[in-house]
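This report refers to the structure that appears directly beneath it.
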Amino acid sequence: MAEPLKRRILEEPEEASAALRLVRSSLPEALRSHVQSARVLDREIKDAAGEGAFPTAVPALDRLLDGGLPRGQLVELVGSRTSGRFSALLAVLAAATSIGEAAALVDLGDGLDPDAALGAGVDLQRLLWARPARLKDALAAAEMLLAGGFPLVVLDLGNPPVRGGRGVEAAWLRLARAARAHDSALLVGSPYRVSGTAAGVVLKAGRVHAAWRGGAGSPWLLAGGSSRIELEKHRGRLHGQSETLTLATAIAPRPAAAPAPRPQLLPRDAREERPAAVAAFPRRAAAG
Amino acid sequence: MARIACLLLPLFPLAARLRSEPELMHEALVVVEGNGNAARVVAATRLARNASVRPGLTLTQARALCPKLVARPRDGECERAAQEALLEVAEAFSPRVEDAGEGTAYLDVDGIERHYPGSSPERDLGRALMSAADAASLPARVGIASSKLASRVAAGLPEPPVVVPAGEEAAFLAPLPLQRLAPEVDVAETLERWGVKSVGDFARLPPSRVASRLGKLGRELHATARGVDARPLMPREPPPVFQEGMTLEWPLVSLEPFLFVGRAALDRLCLRLESRGFACIRLGLDLRLEPDGHQSRSIDLPAPTRDVKTLLTLVRLDLEASPPGAPVAGFSFLAYPDRPREAQLTMYGPAALSPDKLATTLARLFALLGPERVGSPRPVNGHRPERFALVDFTPPPPPEVRREPRAGRGLLAVRVLRPPVEIEVMTAGSEGAEMPVEIRSPASEEAAKRTSVEGQVKVASGPWGIEEDWWADDPTGRDYWDVELAGRGLYRIYRERATGAWYADGIYD
């Protein structure tokens, strides 16, 4: 009796709720809430252990996402130009390809520089790059890639104005459903909110505060910057939590405070020091 | 003694037609040869034969006997594809297969019966051959003997498969009329004068006397009558391409009906590829156009696939992009085979992409975006940041053991602007040491559609010069700046040394 019932629950999700009701109704009141379908239990166990998440190797993102990009969900990272959005997407791709997973970048903005991607640590052999010209094609391409079994699909919509507007909400819902059906991680980078209710998680990146080195006779050099990433939406969690994403340029020397080559949360005093250097420069530029 | 199996398709023109149009299976169908009043029935289905329609009747006579008769002309394309499919069924059992044409194939089955450890191994082998042919929509019969003629005669008998025990071929053939040996006319006349009526009568004559009176032809015919093949089995060389197609009853002028009939042909083609363990790496399409035109086209696939939906989408896009320009009277698909990609599954590492699914996905992306927009990116030697190369996406196998992700480098990446955005830059400072102080977008319609780059320069860092191709006719010389615009972000801009024009080619993002 138990084996056929178990099989029904696992293989026939549309009948699972009816079977569950049947089992629960036969149990005492106190035990009913402890019975769950095998599919949901499996998901809960994996989520609790962090197995379902795709580690991003960006500490700020991993903290906000409880260990990494959740599989089977659409995660939207919103950020205007110079928000660190593209850097974060490349970091996620680098983390995924470094563990041997294949990943796909649907690049509507056509903004990928293979040299920069290589510098960010992306294994280009494991990266499929699709360069659609319209949002409609980008959505279709992302859906094909999810159906093709890619464990990570990153869809970047480029700079505003996005070619093709915000897209149809139904298309975003279909994309989210495809991610869920294939248990893939789907990360959408956009300059403004586009996916509506389809997104399971929404992160918003603020503008990068640039850090310059030099001055006082020596040439100015862009050393990097930092931006604030805020959790706008997360199913089952309170929003409003934020983290700082710190980024450095490839040519800039690493600050002594961060010896490990990875994004670090800057201490508060370090963040406060930067604007002083920036504020000092305009006088020099204006004076020529 | 060699054992030979004969795979025979009775009523071959009809069987080939029904393979292409299976929906006619339950109709009173005849296949005719010739045009107009000269059209004669070549083969008829059981329903038509029940209405007394026989081969040799004119189509008018046949229609008079059976008013609901469906007639189809003999189609060389269908018959060639059916013959090829029959040979492929045979090749799935034995590497030595002879193409005897007209729905007949001989295969060397010596020793294969050992795979069928039943009470009658050869009979089981015959049944397996018939099932395999049936799965390929070919209602074939099987006869097994030690000679080609005996196996062919056995295949034509009721209740197949019929097995003639080794050494009993002469006795098996003896009662048959002499015509079954299909002798030359003069030899047949001579034998008739001698009073030889059956194969057995002929086989009983002394071989040396027959040879001295009838020459080489007579000697070979006599050997055949005794169950000895005059010529051994001649194995064929498998063709390099798989082909499926048909001649259309009416020329087609629109795409949808063509894709409808094309899908059925692609279905059969992919089934054949699958039965041989192949996938299609290039799909050719030959179109016969009205009145007497011909057009060939070819679609290269990014990876071997046998997904019918994908192939059909590619055909649709190709035909939409360049229509044939005349009604299509017949077509034929050519699949260039290749081994499908294989993936080694891993127990502890990340799962590899399924090669079949990947091939299908890539083909569909090619169809959607174009081959120049899909691939694996690679850097190109040189200094110009907008350049890149795309190569085929063939990811290496994943590691055997799952490993921890490498810590990110936390680099501030540049989002490249392709093509660069033209800008107007105000500079200040002495000549040779100018610094950008303000950026404006040119007032053009083109600029309004692109990402706008404008504002007061807060910080500028540069110039960083690059030179490339100084030896060529079109050298590149640029001076780069990193600029921070007040409240608008960080950009990478450059000035062309040759023209003095300014462009923004990247955003730090």
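The values are calculated or read from the model by the stated rules, or taken from the named source; none is laboratory data. None of the values given here were measured: they were computed from a predicted structure. Cβ coordinates were reconstructed from backbone atoms using ideal geometry, including for glycine residues, and neighbour counts include every protein chain displayed.
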Within segment A:164-180, tally of residues that are farther than 14 Å from residue A:140 by Cβ, surrounded by fewer than 19 Cβ atoms within 10 Å (Cβ to Cβ) and touching a residue at least 12 places away in the same chain (Cβ under 8 Å): 5
Qualifying residue in segment A:129-138 (condition: more than 16 Å from the chain's Cα centre (by Cα) and aromatic (Phe, Trp, Tyr)): yes
Some residue of segment B:235-243 being surrounded by 16 or more Cβ atoms within 10 Å (Cβ to Cβ) and among the aliphatic types (A, V, I, L, M): no
Failed item, numbered, when residue A:41 is tested on (1) modelled with pLDDT of 75 or more; (2) in a helix (DSSP H, G or I): (1)
Which listed residue, of B:346, B:360, is among the polar types (S, T, N, Q), over 30 Å from residue B:479 (Cα atoms), touching a Ser or Thr at 6+ places or on another chain (Cβ under 8 Å) and facing chain A (nearest Cβ under 10 Å): B:360
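Quick grid of which residues meet (1) within 14 Å of chain A (Cβ to nearest Cβ); (2) free of Cβ contacts under 8 Å to residues at least 12 places away in the same chain:
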position: B:422; (1), (2): no, no
position: B:440; (1), (2): no, no
position: B:465; (1), (2): yes, no
position: B:483; (1), (2): yes, no
position: B:488; (1), (2): yes, no
position: B:494; (1), (2): no, no
position: B:500; (1), (2): no, yes
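Residue-by-condition table, conditions (1) in contact with a strand residue (DSSP E or B) (Cβ under 9 Å, 6 or more places away or on another chain); (2) surrounded by 16 or more Cβ atoms within 10 Å (Cβ to Cβ):
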{"position": "B:434", "(1), (2)": "yes, yes"}
{"position": "B:442", "(1), (2)": "yes, no"}
{"position": "B:453", "(1), (2)": "yes, yes"}
{"position": "B:461", "(1), (2)": "yes, yes"}
{"position": "B:474", "(1), (2)": "no, no"}
{"position": "B:491", "(1), (2)": "yes, yes"}
Failed item, numbered, when residue B:178 is tested on (1) without any contact (Cβ under 8 Å) to a residue 60 or more places away in the chain; (2) touching an Asp or Glu at 6+ places or on another chain (Cβ under 9 Å); (3) surrounded by fewer than 16 Cβ atoms within 10 Å (Cβ to Cβ); (4) not β-branched (Val, Ile, Thr): (3)
The lone exception for residue B:153 - which of (1) closer than 26 Å to residue B:220 by Cβ; (2) modelled with pLDDT of 90 or more; (3) in contact with a Phe, Trp or Tyr (Cβ under 9 Å, 6 or more places away or on another chain) it fails: (2)
Breaking point among (1) more than 16 Å from the chain's Cα centre (by Cα); (2) more than 27 Å from residue A:209 (Cβ to Cβ), for residue A:116: (2)
Test: residue in segment B:398-418 that is surrounded by fewer than 16 Cβ atoms within 10 Å (Cβ to Cβ), under 30 Å from the mean Cα position of the chain (by Cα) and not assigned by TED's automatic domain parsing to the domain that holds residue B:314: no
Residue within segment B:234-254 that is outside the structural domain of residue B:21 (by TED's automatic domain parsing) and in a helix (DSSP H, G or I) present: no
Cβ-Cβ under 6 Å pairs, at least 6 apart or on other chains, segment B:276-287 side surrounded by fewer than 16 Cβ atoms within 10 Å (Cβ to Cβ) and charged (D, E, K, R), far side part of a strand (DSSP E or B) and modelled with pLDDT under 90: B:282/B:300
